[in-house]
Amino acid sequence: MRVFVTGATGFIGTRVVRELLAHGHEVTGLCRSEDKARSLAALGAAAYRGSLEQPDSLRAGAAQADAVIHTAFDHDFAHFAANCEKDYRAIHALGSALAGSDRPLLITSGTGMGSPGAGLPAREDVLNLDHPNPRLASERAGQELLDAGVAVSVVRLPQVHDTTRQGLVSPWIQMARARGVCAYVGDGRNRWPAAHVQDVARLYRLALEHRMPGARYHAVAEQGIAACDIARVLGERLDLPVISIAAADAPDYFGWLAAFVAMDLPASSEWTRRTLGWDTSGPGLLDDLERLELQADAA
């Protein structure tokens, strides 16, 4: 297939591009600059200039493709709600180019959107349209397009990691280094799911090739890792003391991350694995944190 990939030069998108090319697909990646275009060319992909802030560029790029994978997202979490609404508009722009066809659109969300509550693992068959997380906007856009006949499916992400980046754990690391202590909230037994970035990239390809409109896939290798265990490994790797702080003190330490860091977010991928034949082979989150690549200038 000729696949249009947004976020094609990002942490996840770059791996998705490589995975698609390795399995015989043609890829055009959305990018902002000539430098990014050259990096796509080095991978063997074509470049299409545009951005999330330019809906016409999204429509035009999608119109030329047999399928679309949308991995781009503005990760400025200080403006998280606004960026979720921007993603809502981007998804509608991409979907408008595919209307009236069976060309698949694979969008991205978070595993929390599948939470049934009561501490139970998030599941693929759950979509709570009253969920308070602003990222719901992405799935709301996807559902609206699906209802209009667009072949939309969703990949829900946990903490996606390697030894250089680890989702929301990466800003946690920055905060720990800046404050000289690695903190978690309460007893730290709240859980975060995770998956290695290469396993996630393979899931995107399998989901695209499966062509199952309305499906929601969980890119989850580890169902839930306790926050206190994450903090313990970070403390060892960063050579910092590890402490528990009260929930009331979390905003002072974590800033914007306080809204996420105490959440209990276990997630299952049982249906995804069974449906796609997806298996995971990458290292676990704690393994990657033990081999964390630290930047000297970040100390």
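Out of R135, R140, R123, one residue alone is under 18 Å from the mean Cα position of the chain (by Cα), over 17 Å from H218 (Cβ atoms) and open to solvent by 30 Å² or more (accessible area, probe 1.4 Å). It is R140.
Screening the stretch 46-67 for residues that are assigned to a loop (DSSP other than H, G, I, E, B) and touching a residue at least 40 places away in the same chain (Cβ under 8 Å) and picking the one that is nearest to R165 (Cα to Cα) gives L52. Taking the conditions exactly as written (in contact with a strand residue (DSSP E or B) (Cβ under 7 Å, 6 or more places away or on another chain), part of a helix (DSSP H, G or I) and crowded, with 19+ Cβ neighbours inside 10 Å), does A231 satisfy them or not? Taking the combined requirement at face value, the residue satisfies it.
Condition first: in contact (Cβ under 8 Å) with a residue 24 or more places away in the chain, surrounded by 15 or more Cβ atoms within 10 Å (Cβ to Cβ) and under 26 Å from W172 (Cα atoms). Can you find one or more residues in the stretch 87-99 that meet it? Yes, the stretch 87-99 contains at least one residue that is in contact (Cβ under 8 Å) with a residue 24 or more places away in the chain, surrounded by 15 or more Cβ atoms within 10 Å (Cβ to Cβ) and under 26 Å from W172 (Cα atoms). Note on the stretch 7-37: residues that are exposed (fewer than 15 other Cβ atoms within 10 Å of the Cβ) and modelled with pLDDT under 95 total 3. Annotation note: of Q159, Q174, the sole residue that is over 24 Å from I69 (Cα atoms) and either open to solvent by 40 Å² or more (accessible area, probe 1.4 Å) or in contact with a Gly (Cβ under 8 Å, 6 or more places away or on another chain) (or both) is Q174.
Residues in the stretch 250-262 include at least one that is at pLDDT 95 or above, among the aromatic types (F, W, Y) and either part of a helix (DSSP H, G or I) or within 17 Å of the chain's Cα centre (by Cα) (or both). Within the stretch 177-203, the only residue that satisfies the criterion of being open to solvent by less than 20 Å² (accessible area, probe 1.4 Å) and of a type in the set (D, E, K, R) is D199.
A single entry from L265, L289 fulfils the requirement of being open to solvent by 40 Å² or more (accessible area, probe 1.4 Å), under 30 Å from A207 (Cα atoms) and in contact with a Lys or Arg (Cβ under 9 Å, 6 or more places away or on another chain): L265.
Out of the residues in the stretch 173-186 that are part of a loop (DSSP other than H, G, I, E, B) and in contact with a strand residue (DSSP E or B) (Cβ under 9 Å, 6 or more places away or on another chain), state the one that is farthest from R211 (Cα to Cα). This residue is V181. In the stretch 187-223, the residue that is farthest from the chain's Cα centre (by Cα) out of those that are part of a strand (DSSP E or B) and within 23 Å of P251 (Cα to Cα) is R191.
The values are calculated or read from the model by the stated rules, or taken from the named source; none is laboratory data. These numbers were taken from a predicted model, which means no experiment stands behind them. Neighbour counts run over all protein chains shown; Cβ positions are idealised from the backbone, glycine included. Heavy atoms of the whole protein, side chains included, go into the accessibility calculation; ligands, DNA and RNA do not. Shrake-Rupley method; radii C 1.70, N 1.55, O 1.52, S 1.80 Å.
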